[in-house]
Every structure is written in C-alpha cells, then in structure tokens.
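Read through the structure below, which is laid out as structure tokens, and then see the notes.
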Amino acid sequence: MMPFLHRKTVRLALVLGASAATGLLLASWLLDRPGPTLPAAAVAAPAAATGAAAGTPPSPAAPAPAAAAGKPALTVAVTSPQREMLSSLITANGSIQAWEEASVGAEGSGWRLAEVRVQVGDSVRRGQVLARFDTRVAEADLAQLRAAVAEGEAAAAEAAANAKRARELQGSGALSAQQVTQYLTAERTAQARLEAQRAAVRAQELRLAQGQVLAPDDGVIAARGTAATVGAVVPPGQELFRLIRQGRLEWRAEVAAADLAALQPGQAVRVLPVGGDAVTGKVRRIAPTVDAATRNGLVYVDLPAGRGLRPGAFARGEFETGRSEAPTLPQTAVLLREGFSWVFVVGPDDRVRQTKVVTGRRSGDRVEIRTPLPADARVVLSGGGFLADGDLVRVSPVAPAAPAVPAGGAAARQGG
C-alpha cells in the first residue's frame, strides 16, 4: 500500500519549504509519523507547484499539453484589391434659397384693405390681383376732377373763340391793342388751366389703380405680412407679400477655397436635401470672393422646379470633377482603429498581418486604397475586429466577387 502522511504536518512542510527539494525532504521525514494521513501522491503536485514558484524547471517526466498556438483563431473569407473607375468628387454643404425675391407692398396711403385674394404657397401670374383696397373715396375724387376738366374745356373753347375774333379785328381798329392782348392771354391761360386739370385726372387715375395690389412677376407667395389683414389701414410702403420670382430656387454651396478652381458654370451637381430625394442642379455662377472667417466661397446652383424643395432647407451636394481608375476593397475589409485605417493581409503561413492603409474615394460599398498592395494580396473580407496581428486563421473557399457598383455612385473625397 501507498504510505500516508499527516494532513496538517504535510501542509506545514509545504509552506515552510523554501524549494521543491526542501519540501520533499520534510515530507519523507514525516512518512513514519503517526496520525491522520493522505496519499503520498497528493504531495507531488503541491511540491511541483512550489518548485515552479521557486524557479525550478518542470520535470521532463510530465510534458505539458499541446500548445494552443497551432489552433486557428477564426475562419475568414478573403478578397483581393480590384481596380475600378471612380469619380473624383468635391462635397459641400449649404442651404436652399430663393433665386430672387420680390417685395409686394402698398403704394397708396390711408386706404382700408378690403380683400385679400391669395395665401402663402399660392402660385400667381404676372399682373394677377393679390389684394384690393377700398377706393370709393378716390373714385369720387376722380369724378370731381373729370368734371373740372369738362368745365376747363368749355372755358378754353370760349377763350379760343374770343382770341380768334380779336385777331380778326386787330387790324381794323375796332379793338385796342390792350384788349387784343387780353383776349390772347385769356386763351393761353384757359388752355394751361385745362392741361393742369387733365394732369390731375391722370394722377388720380394712377392713384386709383394703386387700389389693387398686383403681382410683379410669375412666382410663388413665400410670405404674407402682418399688415395683409382685411380692414387694416395700410401705410404706404408697408410690405404685404413676399414673392419667389418665377418659383426658382437655388442651392448656395459653401466650397473650400482650394476647390473653387476645379468648378465652372454649367457643371452638373448632385444635391441631396435633408429629408428629400436627390436632384440634379447646374452651377450658375461662382462668387468672386471668399469668406475671410471660413475660407469658403459661395457657389450658386440652379435647382429644377417642382421637386418639393423648400427655401431655407439644408442640403449637401457633390460636384464631379473627373474620373480615374484606382484599386478598391469592400468597406467591410477596412477596419478603423485609433483614427487610422487597417486591413488584415493573410500570409503564406495563414497568419494575418495588420497593415495600415490610406483610404480615398468611395463608390457604393467599395473604398479606394491608396496604399500600394499586391494585386494578389489576400485581405480578410470581414471580421477583422476579432483578429490581432499574427493570429493564425483558416481561409474559407473564395466566394464569388460582388458586382462592382457603377462609378456614378456616391464617391466622396476623403483624406487618408
């Protein structure tokens, strides 16, 4: 039978032993001691642990199990860089604004607003009546002036007849020279008075025409002033409506000064308004100055009508400046760590090497890789977040490559 040891005594011997040899000597001395015992084989494992703590190498008789380093950390799919045609784009942000606005107000003074015929959002035509004032007093004044014109015409006719007779009798001596002069002067005075009365009629007619507020151009009513209320007495010059001329809108893009040289009028722009569908606009003009605070310049882009766009809305856009071929990888193969882009390249020994790369333009689900990589490089397609540099992996059968997204997709300029 296997000899036995006193439990407490063996525990004390193992604690007091400074090395594995000391512990074994104490244990052997205690073999003949009587008392509660435990199998001697139980002493070997603690003694071996004590020897390992003291720096004694493990006995070759007890070999360690197989190292786990030879087991693959992950089964991965791989891909290789593919060359594709990518668009070079300049991205910018800005707001949608009216191309031009017209302020429509009251021209007459002291009139009461009798009717408002349009509301915000209504489309109007040039010359359409937007509002009407109460012009009954002005109409009465006009009738009075027209009566004065009729009276002036009669007086002018009488003066003209008297002047004619005076001219006929001027040589006969029947009238003195003074009387002849008086008749001729009366004729001219009556005619001048008639012209003044006619001018007053024309002025009153113009003033009466101001009793109707007309649209100065085709467009859309963008705002209605607080004075545009039935019954209000509107002072002259008070704005009643604000009109978006011809319903035209534009996108005012804020472009970095360094990118302005690559843009030109007539260039197509893809504009993406917030909460709406993308629309295609056209560069109308580029501002000649750059903001000193932001170092951005304004680019005015005409937008198509009738697309549900609203002035004041935010939008971002893309200016295409050219196309070129470049190597790309799926976005799932590029891992972002600590502000840098990385890919895992599988070596001949099926161990991954973490490689830092510089990314560029994007097209659909692919991204340009500006760091040179071998054309046949095996890059981990996905799951890089679970890998570390030097990990052993198992490469799964190569899956067919996903179809390339057309180069007209959203490719954005990005620094690596």
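The table below gives the values:
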quantity	calculated
Filter result (among the hydrophobic types (A, V, I, L, M, F, W, C), part of a helix (DSSP H, G or I) and either touching a residue at least 60 places away in the same chain (Cβ under 8 Å) or crowded, with 21+ Cβ neighbours inside 10 Å (or both)) within the stretch 212-262	Ala262
The stretch 210-225, residues that are under 32 Å from the mean Cα position of the chain (by Cα) and either under 16 Å from Glu107 (Cβ atoms) or among the β-branched types (Val, Ile, Thr) (or both)	Val220, Ile221, Gly225
Test: residue in the stretch 81-93 that is closer than 30 Å to Val395 by Cα, at pLDDT 50 or above and loosely packed, with under 13 Cβ neighbours inside 10 Å	yes
Among (1) more than 17 Å from the chain's Cα centre (by Cα); (2) surrounded by 13 or more Cβ atoms within 10 Å (Cβ to Cβ); (3) under 30 Å from Arg132 (Cβ atoms) - the single one Pro311 does not satisfy	(1)
Criterion (surrounded by 17 or more Cβ atoms within 10 Å (Cβ to Cβ) and within 60 Å of the chain's Cα centre (by Cα)) met by exactly one of Arg202, Arg207	Arg207
Check on Ala190, among the small types (Gly, Ala, Ser) and surrounded by 16 or more Cβ atoms within 10 Å (Cβ to Cβ)	yes
Among (1) touching a strand residue (DSSP E or B) at 6+ places or on another chain (Cβ under 7 Å); (2) surrounded by 12 or more Cβ atoms within 10 Å (Cβ to Cβ), the one test that Gly276 misses	(1)
Test: residue in the stretch 394-403 that is surrounded by 14 or more Cβ atoms within 10 Å (Cβ to Cβ), touching a residue at least 24 places away in the same chain (Cβ under 8 Å) and outside any strand (DSSP E or B)	no
Given (1) surrounded by 15 or more Cβ atoms within 10 Å (Cβ to Cβ); (2) in contact with a helix residue (DSSP H, G or I) (Cβ under 7 Å, 6 or more places away or on another chain), number of the condition Glu107 does not satisfy	(2)
Test result for Gly171, in contact (Cβ under 8 Å) with a residue 24 or more places away in the chain and not polar (S, T, N, Q)	no
Residues that are within 60 Å of the chain's Cα centre (by Cα) and among the acidic types (Asp, Glu), drawn from the stretch 119-160	Asp122, Asp134, Glu139, Asp141
Any chance Leu175 is surrounded by 12 or more Cβ atoms within 10 Å (Cβ to Cβ) and assigned to a loop (DSSP other than H, G, I, E, B)	yes
Positions within the stretch 266-322 being part of a strand (DSSP E or B) and polar (S, T, N, Q), in sequence order	Thr280, Thr289, Asn296, Thr321
Subset of the stretch 99-145 [touching a Gly at 6+ places or on another chain (Cβ under 7 Å) and of a type in the set (D, E, K, R)]	Arg112, Arg132
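The values are calculated or read from the model by the stated rules, or taken from the named source; none is laboratory data. Computed from a prediction, not measured in an experiment: that's the story for all the values here. In this analysis, Cβ positions are derived from the backbone assuming ideal geometry, glycine residues included, and neighbour counts consider all displayed protein chains.
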